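The values are calculated or read from the model by the stated rules, or taken from the named source; none is laboratory data. Everything numeric here is computed off the predicted structure, so don't read it as measured data. Neighbour counts run over all protein chains shown; Cβ positions are idealised from the backbone, glycine included. The accessibility values were calculated without ligands, DNA or RNA, using every heavy atom of the protein model including side chains. Shrake-Rupley method; radii C 1.70, N 1.55, O 1.52, S 1.80 Å.
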Number of protein chains: 2
Amino acid sequence: MTLGLLPSWNDGAAKSAILDFVARVTNEGGPDYVRPAERIATFDNDGTLWCEQPFQVQVFFLIDRVKELAADDPSIKERQPFKAFIEHDHATLHSLGKQGLMELAFATHAGMSEDEFYTIARRWLASSTHPKFGRLFTHCTYRPQKDLLEYLRANGFKTFIVSGGGIDLIRAFAEEEYGIPREQVVGSSVKLRFELRDDRAELMKTTELNSFDDRDVKPANIGLHIGRRPILAFGNSDGDLAMLRYARTGPGPRLALLIHHDDAEREVAYDREFKLSPLVEALDTALEYGITIVSMKRDWKSVFDPTL
Amino acid sequence: MTLGLLPSWNDGAAKSAILDFVARVTNEGGPDYVRPAERIATFDNDGTLWCEQPFQVQVFFLIDRVKELAADDPSIKERQPFKAFIEHDHATLHSLGKQGLMELAFATHAGMSEDEFYTIARRWLASSTHPKFGRLFTHCTYRPQKDLLEYLRANGFKTFIVSGGGIDLIRAFAEEEYGIPREQVVGSSVKLRFELRDDRAELMKTTELNSFDDRDVKPANIGLHIGRRPILAFGNSDGDLAMLRYARTGPGPRLALLIHHDDAEREVAYDREFKLSPLVEALDTALEYGITIVSMKRDWKSVFDPTL
């Protein structure tokens, strides 16, 4: 029955839970049928669709941005927190926290238009590689999750990203890598200012935070952007727990999934100790809240795409 | 060539501009070809997709909400601004302005969950009629615009609403009436708060304004929700001008359209004097900014759907 479906997933409880859920909600006339408009699936990005260790990819982007700024103004190299970026000083970077890092990243983009940012992001993504895996960051996306996204869409689902990362960087590659169009990406963001430059209207990135899309803000942003409770949600950290519970506690059939990074050999093993995206509460309460745990080591046949 | 396309539109400059534009952007290999992912079309709602006179539909919804509140607490009838709603006192209501009315509407929804609001909105929409036209409000949608939305989607466009009205009320009917799913509706909104009630996660509507989606905020919200500059935008008032210019001034083929309500016989004729949604600057600058004016009287074969 499962031949050919989710080819990068090993047979087991997690794969069965997914296949069973999709079969039920698409079975017209069955008790658990869900019409296509309501087949909303939301995915976290960092650690759920691509790797987030030793830093979220957006931090590597920020490091390179700081280096560019330092090329114009060498004094930056001696000033914190910029010094920490140039030196890959883990302790200092972790101490800034996820939101602190995001706000700093946003500060380095202020004054650009959305179109200018897009050009910079595309150039960086096309050429930058992960220090440990030696692959383009866009090739550090998880093969089993791409299979799952495709499988869900083939079954009438709309797939969304709901990420703590900056919305614009994700939008610059999500269409090509995940098949997720820009309007189906939700993330952290700054306020945009409408401006006319030489009679051309532009959206300028400001320094003012619009949304840090983590924890309780994730379901709130789902309400704003999607306006519908997802029937499937997938995360990997405590920052996703509110979204998982929002998806899980609606009426009718529901599936909430949580990746456990337990694969030191193929990727990396971490949970409680990873400060930027800890997995403590969600792991401890998964059983109680009806969240299905996915073990990277056990449930995934491959982690990255071996052909890339 | 145009047989069967846009059947509720009269032949003329506006219809030709639309048909010509769509033919160019879908002509693969042609100089103006636009790939489907970039075929984004944004529409204002009040006065563009359905009527907005004598008040925006959301004001009628608010009037009925105030009446419900007054049934529980009769003292409301004597207090302004509520008194003005119960008495349909145009002067007082207009003096509150578009944002003032919207914020008042939001105040009457605070403390409800998104799911509760949806139930109330659906019930109201299913039974409430327009005082002048005697039709359900949902049947005060414009037949030619529904033709246009369908025609655009049949040509690979994604159609969005970008409205000053409350996002949730629009989402409660846009799918059925316009074929526009909830996640493709952008509008004014309050901040939502994630809350657990008896172990069920809910999004609660707060009193804090998140966004009043008018004027310069429209393109900024397009940036947030869609992340892509529309190639076609359609509005009817000065509140839409920033969105029209944002769409019109990007690279490649562009179409910006503006309805002029000049049809006293079939709907109503107004522009400068309608305080809640005035058409002054957009009308005066349309030629200069390359905006195509659509005359309701001249360009539309019918206004409402004659079969409803």
(message) The conditions are (1) modelled with pLDDT under 95; (2) under 16 Å from B:Phe43 (Cα atoms); (3) of a type outside the set (Ser, Thr, Tyr), and B:His260 fails exactly one of them. Which is it?
(response) (1)
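I'd like to check which strands (runs of 3 or more DSSP E) are fully inside region A:153-250 and have at least 1 residues that are among the β-branched types (Val, Ile, Thr).
Counting at least 1 such residues, we get A:158-166, A:185-197, A:200-211.
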(request) Test B:Asp238 against the stated conditions and say whether it is surrounded by fewer than 24 Cβ atoms within 10 Å (Cβ to Cβ), away from chain A (no Cβ under 11 Å), touching a Phe, Trp or Tyr at 6+ places or on another chain (Cβ under 9 Å) and without any contact (Cβ under 8 Å) to a residue 60 or more places away in the chain. (result) no
(message) Looking at the structure I just gave you, is B:Asp262 among the acidic types (Asp, Glu) and open to solvent by less than 30 Å² (accessible area, probe 1.4 Å)?
(response) no
(message) Testing B:Ile293 on (1) part of a strand (DSSP E or B); (2) loosely packed, with under 15 Cβ neighbours inside 10 Å, one condition comes back false. Which one is that?
(response) (2)
(request) Report yes if some residue within region B:108-125 is open to solvent by 20 Å² or more (accessible area, probe 1.4 Å), of a type in the set (S, T, N, Q) and not in a helix (DSSP H, G or I); otherwise report no. (result) no
(request) Filter region B:212-231 down to residues that are aliphatic (A, V, I, L, M) and open to solvent by less than 10 Å² (accessible area, probe 1.4 Å), then give me how many there are. (result) 3
(request) Would you please name the residue that is most open to solvent (accessible area, probe 1.4 Å), looking only at residues in region A:154-183 that are in contact with a Ser or Thr (Cβ under 9 Å, 6 or more places away or on another chain) and facing chain B (nearest Cβ under 9 Å)? (result) A:Asp168
(request) Name the single residue, out of those in region A:3-53 being surrounded by fewer than 18 Cβ atoms within 10 Å (Cβ to Cβ) and among the basic types (Lys, Arg), that is nearest to A:Glu175 (Cα to Cα). (result) A:Arg35
(request) State all residues of region A:241-267 that are away from chain B (no Cβ under 11 Å) and in contact (Cβ under 8 Å) with a residue 60 or more places away in the chain; if no residue qualifies, say none. (result) A:Gly252, A:Pro253, A:Leu255, A:Leu257, A:Ile259, A:His261, A:Glu267
(request) Would you mind telling me which numbered condition in (1) under 21 Å from the mean Cα position of the chain (by Cα); (2) closer than 30 Å to A:His109 by Cβ A:Ile18 fails? (result) (2)
(request) Report yes if some residue within region B:62-77 is at positive phi and either open to solvent by 70 Å² or more (accessible area, probe 1.4 Å) or touching a helix residue (DSSP H, G or I) at 6+ places or on another chain (Cβ under 6 Å) (or both); otherwise report no. (result) no
(message) So, in region A:296-306, exactly how many residues are surrounded by fewer than 19 Cβ atoms within 10 Å (Cβ to Cβ) and closer than 17 Å to A:His130 by Cβ?
(response) 3
(request) Would you be able to tell me the number of residues in region A:212-224 that are closer than 12 Å to A:Ser163 by Cβ, within 11 Å of chain B (Cβ to nearest Cβ) and of a type outside the set (A, V, I, L, M, F, W, C)? (result) 2
(message) Only one of B:Leu136, B:Leu196, B:Leu203, B:Leu209 is at the interface with chain A (Cβ under 9 Å from one of its Cβ atoms), at pLDDT 95 or above and open to solvent by 10 Å² or more (accessible area, probe 1.4 Å). Can you tell me which?
(response) B:Leu196
